[in-house]
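Engineer: Take a look at this one; I'll ask things after.
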Amino acid sequence: MRRERLKVVAGEEVGPYTLVRIERGGLDPGAPGQFFMLEAPGRLLPRPMSLCLAPRGELAFLIDPIGPGTRALCAMEPGDHLQVLGPLGNGFRLELDRPLLVGGGIGVAPLPHLSEALKQPPAVLGFRSEWHAQAAELVPNAQTCVEPTLVTQLIPEGMDVLACGPEPMLEAVRAVAPDAQLAWEAPMACGYGACYGCAVEIDGELKRLCVEGPVLCAA
Amino acid sequence: MLLNASGCLDALTAPDVARALDAFVTKTVTPLPRDGNTPVRIAETDVGMLNSIGLANPGIDRFVTRNLPRLGELGVPIWVSVGGFETDDYAEICSRLDDHAEVSAIELNVSCPNVEAPAESAAQIVAAARLATRKPLWAKLSPAVPDIAEVARAAQAAGADGLSLVNTIRGLKLDARTLRPVLGPGQGGLSGPALRPIALAAVATCYRATQLPIVGMGGVQNGLDALELIAAGARHVALGTILFADPDAPARVRAELHTAGAERGWRAYEDAYAVAHEEALSVGTTLDDRSSL
């Protein structure tokens, strides 16, 4: 478990989101689906973010400015510094015959890194508006839909599904693809198993997402 | 000594963080396994964080057979935090721990804000635990009582060897949009910087009331915060919420504590113990040889 103070390289707007690019320092980018805890300037607790892209010498995170912490992260300027801890948790299993990436909204965040690792498999992405759908440009070979069309309507049979998105989407994906690997999300204070805050009930059991997830098998 | 606050570190998941402390305090153990409370369980506020974990733990049976042997291998003294819903629960767990050499001390959590409080008083629980174990007993008290000195004196009379001050205080956060509670169970325990002046007051009050050794905790972010607790009357300091944001906090706070002590003219930071209760220094005389202030 490694924590470093790293320099912001750039913040790029992608629709309503910001792609925050940070110098990698001595940190390992980890496996797709793993996450990092990013210091949120001026806030008490860091924020968990899955790695979006791992350009040479950098770590890039796609962030949705929905609260004070994520807004502060999106507002960081090149040259600013922040503490970064990671990589944390368990990523996606990559030995698959017919991978299909499924993403919803800011849930597309880990898919660019995942797409690269799987040599750009097909992807289906759902968004609530055309503006949000601009994030689809980060994922190669993606078919995009906007509400009221749902991603689950675009999932062909017989695919090895790897999905990330809001909980209702993940539940719906699980219904059509029972063996899917799902990346879940929960508020976390620590990201390394200390706080027990990120427990989510899955199949009647409470699991600590940061240690046992965030990627869990649906079955 | 530098410890962690109970529930703020899992030594089996993060052994290196635990080894950076002088003693590791476990998450509270109850007689039966508990899943804990319904998510959402944590929320940040502008002045601290709220948690409502609800004493998630494997129960005393699995704790003793599965966790304790592994904790014993860490090479750090182990304090076990004990919780329950009636006096007998505490007594039972204390007697189960009594024969385990891995256990250096027992902290009685008589003040969790996130589960139904035991009906008995802290003193009754301490008295029952005292009969069940020879281990050092630390009573962890809530600052949310009318007179913490009275609770502390009663715990001392019942046989407590020390006090852990303070537990979290109950708080509520509403979702700004829906105006409904953010936390699944509604309310939770407030920790972090907001708790620090409350902890300082509780430590100072209980020091004067009992002179018992105290583990001070509540909102410690850095070495100076820790030094202030020592000055208020804490023998030891525990780190809580800061561990979530900074797993390197034990080494950092320890280094800052030495520096903060030295800057104020103390050869060892322990020498600042309870200094807040002495008469204030008169400016111009003693401050001369503490010019680095």
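Engineer: So, in the range B:9-23, how many residues would count as being crowded, with 24+ Cβ neighbours inside 10 Å and within 17 Å of residue B:83 (Cβ to Cβ)?
Structural biologist: 1
Engineer: For the range B:174-209, name all the residues that are assigned to a helix (DSSP H, G or I) and either without any contact (Cβ under 8 Å) to a residue 60 or more places away in the chain or small (Gly, Ala, Ser) (or both).
Structural biologist: Answer for the range B:174-209, where residues must be assigned to a helix (DSSP H, G or I) and either without any contact (Cβ under 8 Å) to a residue 60 or more places away in the chain or small (Gly, Ala, Ser) (or both): B:194, B:196, B:197, B:198, B:199, B:200, B:201, B:202, B:203, B:204, B:205, B:209.
Engineer: Then there's this: Could you list, in sequence order, the residues of the range B:161-173 that are in contact (Cβ under 8 Å) with a residue 60 or more places away in the chain and either touching a helix residue (DSSP H, G or I) at 6+ places or on another chain (Cβ under 9 Å) or outside any loop (DSSP other than H, G, I, E, B) (or both)?
Structural biologist: Result: B:162, B:164, B:165, B:168, B:171, B:172.
One line per residue, one yes/no per condition, for (1) touching an Asp or Glu at 6+ places or on another chain (Cβ under 8 Å); (2) among the acidic types (Asp, Glu); (3) touching a residue at least 40 places away in the same chain (Cβ under 8 Å); (4) surrounded by 15 or more Cβ atoms within 10 Å (Cβ to Cβ):
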residue	(1), (2), (3), (4)
A:23	yes, yes, no, yes
A:31	no, no, yes, yes
A:35	no, no, yes, yes
A:55	no, no, no, no
A:58	yes, yes, yes, yes
A:62	no, no, yes, yes
A:73	no, no, yes, yes
A:84	yes, no, yes, yes
A:92	no, no, yes, yes
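Engineer: Answer with yes or no whether residue B:84 is in contact with a helix residue (DSSP H, G or I) (Cβ under 8 Å, 6 or more places away or on another chain), farther than 25 Å from residue B:165 by Cβ, of a type in the set (Gly, Ala, Ser) and part of a loop (DSSP other than H, G, I, E, B). Spell out how you get there, then give the answer.
Structural biologist: Details: in contact with a helix residue (DSSP H, G or I) (Cβ under 8 Å, 6 or more places away or on another chain): yes; farther than 25 Å from residue B:165 by Cβ: no; of a type in the set (Gly, Ala, Ser): yes; part of a loop (DSSP other than H, G, I, E, B): yes.
No: the conditions fail for residue B:84.
Condition check ((1) among the small types (Gly, Ala, Ser); (2) within 21 Å of residue A:12 (Cα to Cα); (3) touching a strand residue (DSSP E or B) at 6+ places or on another chain (Cβ under 8 Å)) across all residues:
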{"site": "A:109", "(1), (2), (3)": "yes, yes, yes"}
{"site": "A:124", "(1), (2), (3)": "no, no, yes"}
{"site": "A:128", "(1), (2), (3)": "no, yes, yes"}
{"site": "A:136", "(1), (2), (3)": "yes, yes, yes"}
{"site": "A:150", "(1), (2), (3)": "no, no, yes"}
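Engineer: A follow-up question, please. Could you tell me whether the range A:183-202 includes any residue that is touching a Gly at 6+ places or on another chain (Cβ under 6 Å), over 29 Å from residue B:183 (Cα atoms), crowded, with 19+ Cβ neighbours inside 10 Å and more than 9 Å from chain B (Cβ to nearest Cβ)?
Structural biologist: No, the range A:183-202 contains no residue that is touching a Gly at 6+ places or on another chain (Cβ under 6 Å), over 29 Å from residue B:183 (Cα atoms), crowded, with 19+ Cβ neighbours inside 10 Å and more than 9 Å from chain B (Cβ to nearest Cβ).
Engineer: Quick one: is residue B:60 over 30 Å from residue B:273 (Cα atoms), modelled with pLDDT of 95 or more and touching a Cys at 6+ places or on another chain (Cβ under 8 Å)?
Structural biologist: Considered against the rule, which asks whether it is over 30 Å from residue B:273 (Cα atoms), modelled with pLDDT of 95 or more and touching a Cys at 6+ places or on another chain (Cβ under 8 Å), residue B:60 comes out as no.
Engineer: Just for the range B:42-79: of the residues that are assigned to a strand (DSSP E or B) and more than 12 Å from chain A (Cβ to nearest Cβ), which one is surrounded by the most Cβ atoms within 10 Å (Cβ to Cβ)?
Structural biologist: Of everything passing the filter in the range B:42-79, B:79 is surrounded by the most Cβ atoms within 10 Å (Cβ to Cβ).
Engineer: In the range B:210-249, which residue that is of a type outside the set (A, V, I, L, M, F, W, C) and not in a loop (DSSP other than H, G, I, E, B) is farthest from the other protein chains (Cβ to nearest Cβ)? Show your work before the answer.
Structural biologist: Taking the range B:210-249 and keeping what is of a type outside the set (A, V, I, L, M, F, W, C), we get B:210-211, B:213, B:216, B:218-219, B:221-223, B:225, B:228, B:233, B:235-236, B:240-241, B:246-248.
Among the residues that remain, those that are also not in a loop (DSSP other than H, G, I, E, B) are: B:210, B:216, B:223, B:225, B:228, B:236.
Values: B:210: 31, B:216: 20, B:223: 18, B:225: 14, B:228: 19, B:236: 20 Å.
Filtering the range B:210-249 for residues that are of a type outside the set (A, V, I, L, M, F, W, C) and not in a loop (DSSP other than H, G, I, E, B), the one farthest from the other protein chains (Cβ to nearest Cβ) comes out as B:210.
Engineer: Go through the range B:1-37 and give me each residue that's part of a loop (DSSP other than H, G, I, E, B), more than 19 Å from the chain's Cα centre (by Cα) and at the interface with chain A (Cβ under 8 Å from one of its Cβ atoms).
Structural biologist: B:13, B:35, B:36
Engineer: Right, something else. Counting just the residues of the range B:21-46 that are aliphatic (A, V, I, L, M) and touching a strand residue (DSSP E or B) at 6+ places or on another chain (Cβ under 8 Å), which one comes out modelled with the lowest pLDDT? Spell out how you get there, then give the answer.
Structural biologist: First, the residues of the range B:21-46 that are aliphatic (A, V, I, L, M): B:21, B:23, B:25, B:29, B:32, B:40, B:42-43.
This time we only want the ones that are touching a strand residue (DSSP E or B) at 6+ places or on another chain (Cβ under 8 Å), so: B:21, B:23, B:25, B:29, B:40, B:42-43.
Values: B:21: 98, B:23: 98, B:25: 98, B:29: 97, B:40: 92, B:42: 96, B:43: 96.
For the range B:21-46, the residue satisfying everything is B:40.
Rundown of residues vs (1) on the phi > 0 side of the Ramachandran plot; (2) part of a strand (DSSP E or B), yes/no style:
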residue: A:136; (1), (2): no, no
residue: A:170; (1), (2): no, no
residue: A:173; (1), (2): no, no
residue: A:178; (1), (2): no, no
residue: A:191; (1), (2): yes, no
residue: A:206; (1), (2): no, yes
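Engineer: Still on this structure: Kindly indicate the residue of the range A:18-54 that is within 10 Å of the chain's Cα centre (by Cα) and in a loop (DSSP other than H, G, I, E, B) and also nearest to the other protein chains (Cβ to nearest Cβ) among those meeting that condition.
Structural biologist: Here the residue is A:34.
The values are calculated or read from the model by the stated rules, or taken from the named source; none is laboratory data. For clarity, every value in this text was computed on a predicted model and none was experimentally measured. Backbone-built Cβ (ideal geometry, glycine too); neighbour counts: all protein chains shown.
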